[in-house]
């Protein structure tokens with residue numbers, strides 16, 4: 001069992017009712033693809049996107065927050081945790097990202113259903129920093145798109161970028177890098 005799976009199975013054990021979680025980051029890469037890079041499974045955390053349209057229900061879901069706290073407390077000695085629960089307006093995504101989430105089949109879960117954004121949206125989430133690991137993840141994601149050179153430019157152009165200068169600058173730099181890769 002890999003780290004993201006351990007974290008999510010622990011969370012599922014602490015939940016008391018059906019709960020949906022939309023993963024991004026390396027946990028989404030480790031669990032959301034048939035043949036992920038082995039390094040993805042070594043991530044120590046699980047990151048999730050919280051849709052703004054569901055925030056009232058999420059904020060009032062006490063069993064989720066209690067389960068999250070219990071999970072992090074239980075896994076803390078091993079250095080594993082759930083972190084980075086961002087609203088969708090705090091992450092670079094396409095306007096229709098929520099309509100294109102993909103279920104992640106993880107058998108044996110009682111209460112937790114996990115999903116990930118589309119491959120194009122996962123690329124966008126990786127463009128918030130100029131970081132060698134994020135760029136390696138982007139290369140993996142681009143390899144998962146049969147027609148990346150024709151579909152990704154439109155995805156990049158449609159991206160909704162948080163109004164944070166550092167994120168906007170990183171996105172612009174990564175966009176130039178990706179477009180230069182696709183032009184080769």
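Just so you know, all these numbers are worked out from the coordinates, no wet-lab data involved. Since the model is a prediction, treat every value here as computed from it, not as a measurement. Note: ideal-geometry Cβ built from the backbone for every residue, glycine included; neighbour counts use all protein chains shown.
Could you calculate the contour length gain from residue 42 to residue 143, that is, 0.36 nm times the residue separation minus the distance between their Cα atoms, to one decimal place in nm? Mind showing how you got there, number by number?
Working: separation 101, 0.36 × 101 = 36.36 nm, distance 2.06 nm.
Roughly 34.3 nm would be gained on extension.
Using only Cα atoms and rounding to the nearest 10 degrees, what angle (0 to 90) does helix 148-158 make with the longest principal axis of the chain?
Orientation of helix 148-158: about 80 degrees from the principal axis.
Pull out the extension gain between residue 133 and residue 35, defined as 0.36 nm times the separation in residues minus the alpha carbon to alpha carbon distance; nm, one decimal.
On the way: separation 98, 0.36 × 98 = 35.28 nm, distance 1.81 nm.
Extending this stretch completely gives an extra 33.5 nm.
Ranked highest first by average number of other Cβ atoms within 10 Å, how do 15-28, 165-178 line up? Kindly include the intermediate steps, with their values, before the conclusion.
Working: 15-28: 20.4, 165-178: 15.3.
Top to bottom by mean Cβ count within 10 Å: 15-28, 165-178.
At what distance in angstrom do the alpha carbon centres of the range 124-153 and the range 1-70 lie from each other?
Centre-to-centre (Cα) distance: 22 Å.
What is the helix-to-structure angle for 3-14, meaning the angle in degrees between its Cα long axis and the longest Cα principal axis of the chain, kept from 0 to 90 and rounded to the nearest 10?
40 degrees
Report, in degrees rounded to the nearest 10, the 0 to 90 angle that the Cα long axis of helix 132-143 makes with the longest principal axis of the chain.
80 degrees
Taking every DSSP beta bridge that has both residues in the chain, what percent is antiparallel when rounded to the nearest 5?
Details: 7 of 16 bridges.
Around 45 percent antiparallel, to the nearest 5.
Give the average over all directions of the projected area of the C-alpha convex hull of the range 110-182, one decimal, in nm².
Values: hull surface 23.9 nm².
Taking a quarter of the hull surface, the average projection is 6.0 nm².
For a quick check, take a GNM of the chain with Cα springs below 10 Å and name the residue from 66, 114, 82 with the largest mean-square fluctuation.
It is 66.
Just to be sure I understand the model, the point goes 7 Å from the Cα along the line to the Cβ. What's the resulting residue 96 to residue 110 distance in nm?
3.9 nm
Any idea what the relative contact order of the chain is, in percent, if you count C-alpha pairs under 8 Å spaced at least 6 apart?
Values: 272 pairs, mean separation 44.4, N = 184.
Relative contact order comes out at 24 percent.
Could you check the simple spin-label distance between residue 150 and residue 53, using points 7 Å along Cα→Cβ, in nm with one decimal?
2.9 nm
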